[in-house]
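The values are calculated or read from the model by the stated rules, or taken from the named source; none is laboratory data. Worth saying up front: this structure is predicted, and the values here are computed from it rather than measured. For neighbour counting, all protein chains shown are included, and Cβ atoms are generated from backbone atoms with ideal geometry for every residue, glycine included.
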Amino acid sequence: MTGAPLILLAPSEEKAPGGHRGRLKENPAQRWVREQLMHLAETGTPESLRKAFDVKDLALDKARTEALALAGPVPLLPALARYTGVAFQALDAATLAPETWRQVFILSHLRGLVRGDEPVPPYKLKLAAIPGLKAHWRKALAAQLAALPEGPLWELLPGEAADLLKGWTRPRHTVEIWDTRGKAISHFSKKYRGLVARWILAHQQGDPRRVMKGHLPGCRWDGVSENDRGGLALRLLVDL
């Protein structure tokens, strides 16, 4: 497949504050989510909000305030500057060439598929917070996914985010992360997905066999097989 490599990442709960104030453009699918989130913030009981946002006290007040603010101009940052979780720390996009940000796409629970350089407001939203949100994005993402540019595609997603892509037929490569005892890694896998994404973007290599020649700190490649997405699954062993 021709074209620059593309990366799919999950969003992080952790987000940077601030940004330049502006009003978000939105399509009907994004508008539905925003309105549902605002309705939850306006009418939800403290207990329902704690469950929906999975935070409490001052963090809960902040999440509610951010949701209500979505009706007007909000602080905006590029997606790769807004998300600051473990995978994004390992990716360290600020030290990559600015044009590579356009090769990263993040499955935002608020906005759907957002490109790395596209604006994102501060927000808190879990897939389980709004009834029907997961099914909504499964359906609405189809058009966004179909518009992705050509290029070898890397699905570097945990299970819940990967579930949103069920039924999508475009071939994509994946990475299986294991420790040296043969146990699948889940808790620390975010860091290594970020490191893989960084290597691919820094070297502009999307061919799995070329990726396997790359060196990642604290781990090593250990084989390749076909995955169930029409691509290849690379096996990464981590020294813990």
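If you take the residues of region 185-240 that are among the basic types (K, R) and in contact with a helix residue (DSSP H, G or I) (Cβ under 7 Å, 6 or more places away or on another chain), which of them is farthest from E14 (Cα to Cα)? If we take residues in region 185-240 being among the basic types (K, R) and in contact with a helix residue (DSSP H, G or I) (Cβ under 7 Å, 6 or more places away or on another chain), then R198 is farthest from E14 (Cα to Cα). Residue count for region 102-158 under the criterion of being out of contact with any Gly (no Cβ under 6 Å at 6 or more places or on another chain) and at positive phi: the result is 2.
Taken over region 40-61, residues that are of a type in the set (K, R) and surrounded by 17 or more Cβ atoms within 10 Å (Cβ to Cβ) amount to 0. Restricting region 1-54 to residues that are among the aliphatic types (A, V, I, L, M) and farther than 24 Å from G72 by Cα, the residue that is modelled with the lowest pLDDT is M1.
In region 214-230, what count of residues is obtained for those that are part of a strand (DSSP E or B) and acidic (D, E)? Matching residues across region 214-230 total 2. One residue stands out among those in region 198-221 that are surrounded by fewer than 19 Cβ atoms within 10 Å (Cβ to Cβ) and charged (D, E, K, R): the one that is nearest to the chain's Cα centre (by Cα), which is D207. If the condition is being among the hydrophobic types (A, V, I, L, M, F, W, C), part of a helix (DSSP H, G or I) and touching a helix residue (DSSP H, G or I) at 6+ places or on another chain (Cβ under 7 Å), then region 40-73 contributes L40, A41, L49, A52, F53, L60, A63, A67, L68. Restricting region 6-39 to residues that are over 16 Å from the mean Cα position of the chain (by Cα) and assigned to a loop (DSSP other than H, G, I, E, B), the residue that is surrounded by the fewest Cβ atoms within 10 Å (Cβ to Cβ) is K25. In region 51-78, the residues that are without any contact (Cβ under 8 Å) to a residue 24 or more places away in the chain form Cβ pairs under 8 Å with partners that are surrounded by fewer than 15 Cβ atoms within 10 Å (Cβ to Cβ), at six or more places apart or across chains, as follows: L60/P46.
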